[in-house]
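Let me begin by presenting the structure, written as structure tokens, before commenting on it.
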Protein chains: 2
Amino acid sequence: MHVNSLVAVGWLASAAAAVAVNPLPAPRSITWGSSGPISVNDAVFVNLPENNSVLAQGWQRAWSKVVELQWVPKATEAPIATYEPFPTGTASKSKRDSGIRSVSVKVSDLGADLQEDVDESYTLDVKEGSSTIEISAETVWGALHAFTTLQQIVISNGNGLIIEQPVHIEDAPIYAWRGIMIDTGRNFISVPKIKEQIDGLALSKLNVLHWHLDDSQSWPIQMDSFPEMTKDAFSAAEQFSHDDIIEIVEYARLRGVRVLPEVDMPGHSASGWQQVDPSIVACGHSWWSNDDYAVHTAVEPNPGQLDILNNKTYPIVEKVYNELSSLFRDNYFHVGGDELQPNCYNFSSNVMNWLRADPSRTFNDVTQYWVDHAFPIFKKVENRKLVVWEDVIINDPHAPNVSTEGLLVQSWNNGIANIAKLATLGYDVLVSSSDFMYLDCGYGGFVSNDPRYDVQSNPDLASGLVNFNYGGNGGSWCAPYKTWQRIYDYDFTTNLTDAQAKHIKGAIAPLWSEQVDDSCVSTKLWPRAAALAELVWSGNKDPKTGLKRTTDLTQRILNFREYLLANGVQASPLMSKYCLSHPHACDLYYNQTAVV
Amino acid sequence: MHVNSLVAVGWLASAAAAVAVNPLPAPRSITWGSSGPISVNDAVFVNLPENNSVLAQGWQRAWSKVVELQWVPKATEAPIATYEPFPTGTASKSKRDSGIRSVSVKVSDLGADLQEDVDESYTLDVKEGSSTIEISAETVWGALHAFTTLQQIVISNGNGLIIEQPVHIEDAPIYAWRGIMIDTGRNFISVPKIKEQIDGLALSKLNVLHWHLDDSQSWPIQMDSFPEMTKDAFSAAEQFSHDDIIEIVEYARLRGVRVLPEVDMPGHSASGWQQVDPSIVACGHSWWSNDDYAVHTAVEPNPGQLDILNNKTYPIVEKVYNELSSLFRDNYFHVGGDELQPNCYNFSSNVMNWLRADPSRTFNDVTQYWVDHAFPIFKKVENRKLVVWEDVIINDPHAPNVSTEGLLVQSWNNGIANIAKLATLGYDVLVSSSDFMYLDCGYGGFVSNDPRYDVQSNPDLASGLVNFNYGGNGGSWCAPYKTWQRIYDYDFTTNLTDAQAKHIKGAIAPLWSEQVDDSCVSTKLWPRAAALAELVWSGNKDPKTGLKRTTDLTQRILNFREYLLANGVQASPLMSKYCLSHPHACDLYYNQTAVV
């Protein structure tokens, strides 16, 4: 039985197991020869295009890590063991060689800006017998990815650096948008910790940091236009200055990572705004009333929404938006738009009077009013395109009339159903489906005074049904926790036509921060975000067999977690360390094609 | 409606909200006067019993933290706000006073050893107008708890140290056993990180570190008797020397924390043992076969159990046990006993031949054979008492005849049902019910090659049923995640007679380490373990009303999390920081007695 299973996974044994290194994300195309590893000189000579600090710094970062870490892969691929007899490790090859002494880097277009759709492709070659690693890329951003690949495939054999060769890599991402979302509104995340996340992004070839800057709970950004807004920062220490933001944006840019700023409006808006003018915030001082759901004013404490029908709202929004726009470099700005609560506007005489003035008006019209008055302000910035949460388009309430032009819609509900709906309507889509990509799910609820936890024995024990405390969601609305396999297995183009699928521009995994700050942001993001990284870079299927390669990702992501740690990104372990050195011993199925 | 709710929680407003400090765990009895805070001299004179290094060091630790941190409570109690008008903070009192200049510490029995049932009570007094804080305790271990309380109630008002007074505290734990369990078998946890957990234990008045030393996956302890056992450590760096263990035990003792060592036998035993003699480990080289459940040899990879019918097993067990016994100081030793898998012994000719020799023999008899041959070895050590997992007594298979003498049984299945069963059988019980206290639950499964995650849309969407990936357990056998409220609400003596309840000696919250190592051990343990700490120290009910005080714990545990961080324990946040400064704004129910 076991032998038959092994035959079925021949591709795995013959291809991936042949070499010790398994870069993550897997390149789109990688071809290894069979002549084995050759040595690499620590003091390798690099031939870079001149006068490009992005490339020079990128190379310096990558190569200094290679030399410093002398990385010995912590989890290498091998066929699942046959248990009679017990497995022994894969023997490493040894071969005398002249060694790699130089790296040649060619970039066609040194000036290409880091924006959506910039070319990120690269090739990397080590020809048999050559002493040079050849890298070529269309842009510096592609070359940075080549450096990241090189960083992962130049490893130590215990005595010195080696690279398995010959190897030919042709690589480019499937999707232009590949990222994670952090939330500095619910809890603060410091500049060093944000940089740590950017390091993780760069190492896994993710290229977007979606930065949910504020929320109802706090306003952490120091503003020249309205200095009073940071009265709603959690403390003087928990604020971002202009310089902090500029520093983060530049740190990210040097690593090929775009920073997408988000100011969530008109919902999720109390802190900061209320300090400028309390009258532009509706229901800011209300009880959130989840316990009296008919009158709830927010989906979580604390309530507060910009008053859409207050004329004073828009000039303040414009000033705040323009000041923030000046700090970021991306063409895109995320203006939020999720979870607008009609009940909140019962506290606004402006909105209530406007609705009463014409009984045909609904909250869809209120939402449309926001779009009609705020979006023109947002679009005034040169080259500006917008990202919004899908709610603006398809929630209840929503705006019935929103142009698809220069707009990206971020989908978070109902998985592929909502993606299909948006694509059918002609909108470009960013995938952030909560059932697959919300990294904060599964940690219970954060609200206190919750009697649902107070259950002493399983009320459904006899029937075997799961319930709140026993196998159920445990207070987490988007339970369960999304494992790396869950994320990786997501086929978000299922049943889409090619025309619809073209509307998908990529994916972003959010980490909402009700229970996240410096203490745990890295362990919650990593290494799970690396599963997303491969999904959107080269996909979740083996190009030869067309089968899901989730099982093949196992050793790669186990090694990558150790590599993240070695690079200062505090990633959490996915398994017992036993599993790293015993490939596939911690699989659920002996059949290596159980995941299809 | 809201006003009525407030009347119902009058005790909260009048008692807890009167002072800014909220020690955790809440003392059994604490009486504040109303004359308000007085200043405390940073250079307070302390009058300690002479020549007691535990007290001297304990005091030095506590007071230096008071002076260094100048703690301003980060979350103080206040009645839930009425939302018209919007709440303002509690005004702090100011009063001229002569100030506290000295601390008097009296201990009756300076020599009492830190063992089960040592007296941990203390009293702490600040009499009106007095310049002295008076502490008295039966033992130094009680005095250490007084220091911890003092450390939490001497706070800063921004200008200097103060203590609210007069105050009279009489305090002692309800249960003698109050702890957490760490697992250094599945993944390694370093000495500094273990010390960090001990710091958290001491600060929350927990007094037991249950140390699951090894498991099938690794043997991290360097052994004089069998040096080859650490061939199954994960690496040379991931090992504990004798000195490491002695250092940890002493570090814990100085903080009033007992270390309960566990070597899990005869199940969960492959690593280490197999290096001494492969023949004493059954099924060590088998596939764990969860995918062919009828022949599964382990509940998780990798398999391996001590061969109970191999005579060579017992002398090796004795040497290992005796060497480890010499390193620890507690009268108790945990010898495991959980999850014995009959299928594993299909790989043992010794066991199979013994069973065949008398067809009336069952796996219960095999288990009994282990108890009859191993327990006498374990009990030879002077003053030795044992802890075992409940499986030995009530699992299938189990040993039908196990003396209750000198034995503590740790219960992890079926909540109060199993506790009642064990107590009825006359066994003393440690509560570790997985439905309430397993801190590793809810993070998905760790095994790879799991096709269950590969589901693209909710198959039960129409019926509203939860399932594996949508609201269900998501691969975590003990899902959902146990929130601090879930832990705190556990009434583990429900329906027990007083005689049965007396068998409960305390509780231990385990953190199994398939997905835990240095990177995340602290954030996964803290501050949730602090909810357990109060549950077993002073209970989950308000002594005056008899109602659950879960909601009252909110601000206390929010502040305590910040205090843990300030003391170097990397605790994760429970809520947005907004909630800390807005008492009960993040409650689920406006009714403050929703949890009863």
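Below, the figures for the structure above:
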quantity: Shortest-first distances to equivalent copies, position A:G568, nm, label 7 Å out along Cβ; calculated: 2.3
quantity: Unpaired by the 4.7 Å Cβ criterion, cysteines found in chain A; calculated: A:C520
quantity: For B:V67, inter-copy label distances in nm, listed shortest first [label point 7 Å out on the Cα-Cβ vector]; calculated: 4.7
quantity: Prolate/oblate/rounded label for chain A (Cα gyration tensor, a/c 1.5); calculated: prolate
quantity: Label-point gap, in nm, between A:D460 and A:T545 - each point 7 angstrom along Cα→Cβ; calculated: 3.6
quantity: Per-copy distances of the A:N41 label point, shortest first, in nm (7 angstrom along Cα→Cβ); calculated: 7.1
quantity: Residue among A:N473, A:I182, A:T82 farthest towards the positive dipole end of chain A, charges placed on Cβ; calculated: A:T82
quantity: FRET efficiency estimate (nearest 0.05) - Cβ-Cβ, A:Q60 to B:T362, R0 60 angstrom; calculated: 0.35
quantity: Efficiency of FRET between B:V67 and B:E250 - r from beta-carbon atoms, R0 25 angstrom, step 0.05; calculated: 0.50
quantity: Gap separating the Cα centres of the stretch B:213-283 and the stretch B:574-596, nearest whole Å; calculated: 44
quantity: P(r) histogram, all alpha-carbon pairs of the protein assembly as shown included - 20 Å bins from 0, percent; calculated: 11, 39, 37, 13, 0
quantity: For residues of A:455-464, the mean tally of beta carbons on other chains within 10 Å; calculated: 3
quantity: Sum of side-chain charges, B:V429 neighbourhood, beta-carbon under 13 Å (Lys, Arg +1; Asp, Glu -1); calculated: +1
quantity: Total accessible surface hidden between A and B, rounded to 100 Å², 1.4 Å probe; calculated: 7600
quantity: Packing-based order for B:509-518, A:49-58, B:127-136, using average beta carbon neighbours within 10 Å, highest first; calculated: B:509-518, B:127-136, A:49-58
quantity: Accessible area per residue, Å², the stretch B:446-596 with all protein chains present, probe 1.4 Å; calculated: 28
quantity: Karplus (6.51, -1.76, 1.60) ³J(HN,Hα), θ = phi - 60°, over the stretch B:172-181, in Hz, Gly and Pro reported as x; calculated: 5, x, 5, 10, 6, 9, 9, x, 10, 10
quantity: Mean residue ellipticity (222 nm) of chain A, computed from DSSP H runs ≥ 4 via -39,500 (n - 2.57), nearest 500; calculated: -8500 deg cm²/dmol
quantity: Approximate spin-label separation A:A236-A:D498, in nm, with each point projected 7 Å along Cα-to-Cβ; calculated: 6.2
quantity: With every protein chain in place, the protein assembly as shown: carbon and sulfur % of accessible area (1.4 Å); calculated: 50
quantity: Cα-centre dipole for the stretch A:91-233 with unit charges at Cβ (Lys and Arg positive, Asp and Glu negative), debye to 20; calculated: 860
quantity: Under-5 Å amide H pairs with B:R258, H placed in peptide plane, nonlocal only; calculated: B:V208, B:L209
quantity: Cα-centred dipole magnitude for the protein assembly as shown, charges only on beta-carbon of K, R (+1) and D, E (-1), debye, nearest 20; calculated: 420
quantity: Average beta-carbon neighbours from other chains, 10 Å sphere, peptide B:409-422; calculated: 1
quantity: Loop sites in the stretch A:383-479: chymotrypsin sites (Phe, Trp or Tyr not before Pro), DSSP, at most 12 other Cβ within 10 Å; calculated: A:W477
quantity: Charge dipole magnitude, Cβ of K and R +1, D and E -1 - the stretch B:107-151, Cα centre, debye nearest 20; calculated: 300
quantity: Whole-Hz couplings from phi, Karplus 6.51/-1.76/1.60, listed for the stretch B:158-167; x for Gly and Pro; calculated: x, 10, x, 7, 9, 9, 6, 7, x, 9
quantity: Rounded to whole Hz, the Karplus (6.51, -1.76, 1.60) HN-Hα couplings of the stretch A:287-296, x for glycine and proline; calculated: 6, 6, 6, 5, 7, 9, 4, 4, 10, 5
quantity: The stretch B:450-464-the stretch B:343-360 distance, computed between alpha-carbon centres (Å); calculated: 43
quantity: Difference of contour (0.36 nm per residue) and Cα-Cα distance, A:R28 to A:R384; calculated: 125.0 nm
quantity: Scattering curve values for the stretch A:499-596, log₁₀ I(q)/I(0), Debye with Cα scatterers, q = 0.17 Å⁻¹; calculated: -0.92
quantity: Residues with amide H under 5 Å from that of A:A507, placed H, sequence gap 5 or more; calculated: A:W177, A:R178, A:G179, A:V431
quantity: Partner lysines for A:K127 [C-alpha distance under 20 Å; skip if fewer than 8 residues away on the same chain]; calculated: A:K93, A:K95, A:K106
quantity: Dipole of the stretch B:349-441, positive end: most advanced residue of B:L422, B:V392, B:Q368 [Cβ charges, Cα centre]; calculated: B:Q368
quantity: Residue (of B:Q485, A:N52, A:F436) at the positive-pole extreme of the protein assembly as shown, dipole from beta-carbon charges; calculated: A:N52
quantity: Whichever lysines have a C-alpha closer than 20 Å to that of B:K505, once near sequence neighbours (fewer than 8 apart) are set aside; calculated: B:K205, B:K385, B:K421, B:K541
quantity: Residues whose placed amide H lies under 5 Å from that of B:V281, excluding near-sequence neighbours; calculated: B:D307
quantity: Within 10 Å of each Cβ in A:216-228, the average number of Cβ atoms from other chains; calculated: 1
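The values are calculated or read from the model by the stated rules, or taken from the named source; none is laboratory data. Computed from a predicted model, the values in this text were never measured in an experiment. Cβ atoms come from the backbone with ideal geometry, glycine included; neighbour counts cover every protein chain shown. Accessible surface is based on the protein model in full, side chains and every heavy atom, while ligands, DNA and RNA are left aside. Shrake-Rupley method; radii C 1.70, N 1.55, O 1.52, S 1.80 Å.
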